[in-house]
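Reviewing the structure listed below.
The values are calculated or read from the model by the stated rules, or taken from the named source; none is laboratory data. Keep in mind it's a predicted model, so treat the numbers as computed, not measured. Backbone-built Cβ (ideal geometry, glycine too); neighbour counts: all protein chains shown.
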Amino acid sequence: MSGTVLLYGSDPGVARRTARALAPLDVSVLSVTDGRLGEPEGDAHPVVGVLIELEGAAARTIIGHWRSTVPEAIIVGYVVLPDAELWRDMEAAGADAVTTRGRADRVLADRLADQLSGRRRARRIRLAPLADFAGRLGFVGRIPETPVGAIALFHLSGRLWAVADTCPHAGASLCEGELDQNVLTCPRHGSQFRVTDGERLRGPADLALATFPVIMDAGEAFVELPPSTTLHGG
Ligand code: FES
């Protein structure tokens, strides 16, 4: 065996399908029925992944724990009932992917296969249906907690743009700054950045702003984070 996936959930069908999907990868499945955190004891293999039913009360804690203690583990959450807010919260909490119960085994197996073969996929955070942004221009939202810190969203020139919300000079929240066309001015000391590519246009900041791709998929908008992203700040 090359590793163990911890399964937090009570559905025997998910456990069965996951064990079947992971067998070709030489990865075993260990059901954790008591919500326990910590490395499995005995001769279990290192944790390479976590599959978790998100309706469970402690889901956020469990995701945060494994994201920070085994940053390279693939964490996939699944929802039993569609709940866009829960979905987005758990992606922001550090899950690599969120899916439905019926697809959970496949999504986890695909992600693990990528990782074991050295490929890493970008992580996505769901924003909202695209229609929610129609008719709103300029600053349209802030995602407060992501593995790369807060992200500010802008709707300009018919597209969504995602940039780091934290000014690289002294950490002010840029979404509180002024936007003039595509130029964002930091509210604290006046550094200016171009929202569409993060370019620094005026100091005192001496770094550009991090930018993140915004992807449209089936009418939904997602921000893509770099594949190597690990949690910062919990
Ligand atoms: S904190 Fe933004 S310019 Fe100083």
Lone qualifier among Phe133, Phe139 - being farther than 26 Å from Val29 by Cα, modelled with pLDDT of 80 or more, not acidic (Asp, Glu) and not assigned by TED's automatic domain parsing to the domain that holds Pro24 = Phe139
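Evaluate the following for Arg123: is it crowded, with 19+ Cβ neighbours inside 10 Å and either within 30 Å of Ile74 (Cβ to Cβ) or in the same structural domain as His65 (by TED's automatic domain parsing) (or both)? Let's see the steps before the verdict.
Working: crowded, with 19+ Cβ neighbours inside 10 Å: yes; either within 30 Å of Ile74 (Cβ to Cβ) or in the same structural domain as His65 (by TED's automatic domain parsing) (or both): yes.
Judged against the criteria, Arg123 is a match.
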Just a yes or no: is a residue in the stretch 154-173 surrounded by 15 or more Cβ atoms within 10 Å (Cβ to Cβ), within 16 Å of the ligand (Cβ to nearest atom) and without any contact (Cβ under 8 Å) to a residue 12 or more places away in the chain?
-> no
Of the numbered conditions (1) within 25 Å of the chain's Cα centre (by Cα); (2) within 14 Å of the ligand (Cβ to nearest atom); (3) of a type in the set (A, V, I, L, M, F, W, C), Cys186 satisfies every one except a single condition; which is it?
-> (1)
Which residues, taken from the stretch 200-216, are under 17 Å from Trp161 (Cβ atoms) and either among the aliphatic types (A, V, I, L, M) or away from the ligand (no atom under 15 Å from the Cβ) (or both)?
-> Leu201, Ala208, Leu209, Ala210, Thr211, Phe212, Pro213, Val214, Ile215, Met216
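I'd like the residue in the stretch 189-224 that is hydroxyl-bearing (Ser, Thr, Tyr) and more than 21 Å from the chain's Cα centre (by Cα) and, out of all such residues, is nearest to Val148 (Cα to Cα). Even if it seems obvious, please write down each step before you answer.
Filtering the stretch 189-224 down to residues hydroxyl-bearing (Ser, Thr, Tyr) leaves 191, 196, 211.
Subset that is more than 21 Å from the chain's Cα centre (by Cα): 191, 196.
Details: Ser191: 21, Thr196: 18 Å.
The extreme case among them is Thr196.
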